[in-house]
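Student: If you scroll down you'll find the structure; I have some questions about it.
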Amino acid sequence: MFILAGLISALGMGSMSTHASQAQQIKSNFVQSDYAKTKYPIVFAHGMVGFIRLGTESLGMDYWYQILPDLARNGANTWAARMSPFNSAEIRGEQYVQQLQEIMAITGADKVNLIGHSHGAHAVRYAAGVIPEHIASVMTVAGANKGTVVASDALKVANATGTSELLNVLISNFGKVIMWAQGLNANAFPHDAMAAGLSTSVEGTAVFNQKFTIGLPKTACGEGAYKENGILLYSMTGNKPLTNPLDPGDSVMVLLDKLSAYKAGKNDGIVPVCSAHFGKTIRDDYPWNHLDEVNLLLGIKGIFAPDPVASYRQHANRLKLQGL
């Protein structure tokens, strides 16, 4: 998520909280079916530059646009976790685990189903590594499970030009803007842009992967184990940077693709297809880019592309049929 700066000023802001708000349950005023009614709650983890909602319910933008409300309408117990927009995989992972424990305490569930997008994949994998007895399933969506060339190259340029410290201050302050845009205290969560960049780089993720191994493919672009430590493991991703010229985010995805495709091959604009592989690959050829995968912006996608909302609903049903 790299295109929010121009949008934030246009959004209506809620009153600012003085406390760090945690996971938010997404409910529906009516339930139309039990198609997505899983045994355990489903908890979503956003990626870098992520949020739950910018602005207000009437004038704002959701990260998981229409996805969680649709699941709730179809019987699921759905939650969106909130983590630092910019920080290391371990710090974000700890924030996520804390919220999972709170959700289990609130709901009485002894396990949860996890879904993480982009850098959120590190968070769900971290949780599966530190509290495996409480994890029923994990799905990574365009997870940077082997890192991204985009992050690696950005770090190299910053270090070579001596701008690392300046960029860390500027980007970390942008993280505070994202907190404020959610109606929260700007310092509600710690920010460290360089740590975030390192965590999603090829080099940094390799270190992370030495500690958190479940679900990782044994070959360069294969599938991982479908089940480890009693946890069912899945992944899906898009592979098309340009999907709709009317979507302002597509121009950014195309630019990032040009920076990374020559090294990384097929990708969604940010994450290479092979990096996104984890556990059982549901699909790695969705005609989506990195924003389409979470239905941003406002559901704009390719005309003939599958509906991301329906894909998450189908996954919830998949978990339901597995008794999860």
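The values are calculated or read from the model by the stated rules, or taken from the named source; none is laboratory data. All of these numbers come straight from a predicted model, not from anything done at the bench. When we count neighbours, we look across all protein chains shown, and the Cβ atoms used for this are built from the backbone with ideal geometry, even at glycine. We work out accessible area using only protein heavy atoms, side chains counted, and drop any ligands, DNA or RNA first. Shrake-Rupley method; radii C 1.70, N 1.55, O 1.52, S 1.80 Å.
Student: With respect to Y63, determine if the residue is open to solvent by 10 Å² or more (accessible area, probe 1.4 Å) and among the aromatic types (F, W, Y).
Tutor: no
Student: Turning to a different aspect of this structure: So which of A127, A121, A105 is over 24 Å from S33 (Cβ atoms) and in contact with a Ser or Thr (Cβ under 6 Å, 6 or more places away or on another chain)?
Tutor: The match here is A121.
Student: Can you find a residue that is part of a loop (DSSP other than H, G, I, E, B), open to solvent by 10 Å² or more (accessible area, probe 1.4 Å) and closer than 17 Å to Y40 by Cα anywhere in the stretch 83-91?
Tutor: Taking every residue of the stretch 83-91 in turn, none turns out to be part of a loop (DSSP other than H, G, I, E, B), open to solvent by 10 Å² or more (accessible area, probe 1.4 Å) and closer than 17 Å to Y40 by Cα.
Student: Just name the residue that is surrounded by the fewest Cβ atoms within 10 Å (Cβ to Cβ) out of those in the stretch 66-75 that are closer than 22 Å to G143 by Cα and touching a residue at least 60 places away in the same chain (Cβ under 8 Å).
Tutor: In this case the residue turns out to be Q66.
Student: Is it the case that A264 is hydrophobic (A, V, I, L, M, F, W, C), touching a Ser or Thr at 6+ places or on another chain (Cβ under 8 Å), farther than 20 Å from F44 by Cα and touching a residue at least 24 places away in the same chain (Cβ under 8 Å)?
Tutor: yes
Student: While we're looking at this one, here's another question. L155 passes all but one of (1) farther than 28 Å from T78 by Cα; (2) surrounded by 24 or more Cβ atoms within 10 Å (Cβ to Cβ); which number fails?
Tutor: The one condition L155 does not meet is (2).
Student: Can you tell me which of (1) within 21 Å of L68 (Cα to Cα); (2) open to solvent by less than 30 Å² (accessible area, probe 1.4 Å) is the one K320 doesn't meet?
Tutor: (2)
Student: If you check S235 against the conditions, is it part of a strand (DSSP E or B), modelled with pLDDT of 95 or more and under 30 Å from H134 (Cα atoms)?
Tutor: yes
Student: Which of the residues belonging to the stretch 272-296 are among the hydrophobic types (A, V, I, L, M, F, W, C), closer than 24 Å to R53 by Cα and modelled with pLDDT of 95 or more?
Tutor: W288, L291, V294
Student: Kindly indicate the residue of the stretch 297-309 that is out of contact with any Gly (no Cβ under 7 Å at 6 or more places or on another chain) and closer than 24 Å to M48 by Cα and also most open to solvent (accessible area, probe 1.4 Å) among those meeting that condition.
Tutor: For the stretch 297-309, the residue satisfying everything is L298.
Student: Output the residues belonging to the stretch 269-293 that are open to solvent by 10 Å² or more (accessible area, probe 1.4 Å) and either in a helix (DSSP H, G or I) or among the aromatic types (F, W, Y) (or both).
Tutor: Hits for the stretch 269-293 are V273, C274, Y286.
Student: If you go through the stretch 170-181 one residue at a time, do you hit one that is in contact with a helix residue (DSSP H, G or I) (Cβ under 7 Å, 6 or more places away or on another chain), within 22 Å of K258 (Cβ to Cβ) and surrounded by 18 or more Cβ atoms within 10 Å (Cβ to Cβ)?
Tutor: Yes, the stretch 170-181 contains at least one residue that is in contact with a helix residue (DSSP H, G or I) (Cβ under 7 Å, 6 or more places away or on another chain), within 22 Å of K258 (Cβ to Cβ) and surrounded by 18 or more Cβ atoms within 10 Å (Cβ to Cβ).
Student: For residues in the stretch 39-60 being touching a residue at least 60 places away in the same chain (Cβ under 8 Å) and assigned to a strand (DSSP E or B), which is most open to solvent (accessible area, probe 1.4 Å)?
Tutor: Among residues in the stretch 39-60 that are touching a residue at least 60 places away in the same chain (Cβ under 8 Å) and assigned to a strand (DSSP E or B), the one most open to solvent (accessible area, probe 1.4 Å) is R53.
Student: Would you confirm whether any residue within the stretch 254-268 is outside any helix (DSSP H, G or I), in contact with a strand residue (DSSP E or B) (Cβ under 6 Å, 6 or more places away or on another chain) and crowded, with 24+ Cβ neighbours inside 10 Å?
Tutor: Yes: one or more hits.
Student: Looking only at the stretch 192-251, which residues are of a type in the set (S, T, N, Q), in contact (Cβ under 8 Å) with a residue 60 or more places away in the chain and surrounded by 15 or more Cβ atoms within 10 Å (Cβ to Cβ)?
Tutor: S199, T200, T205, N209, S235, T237, T243
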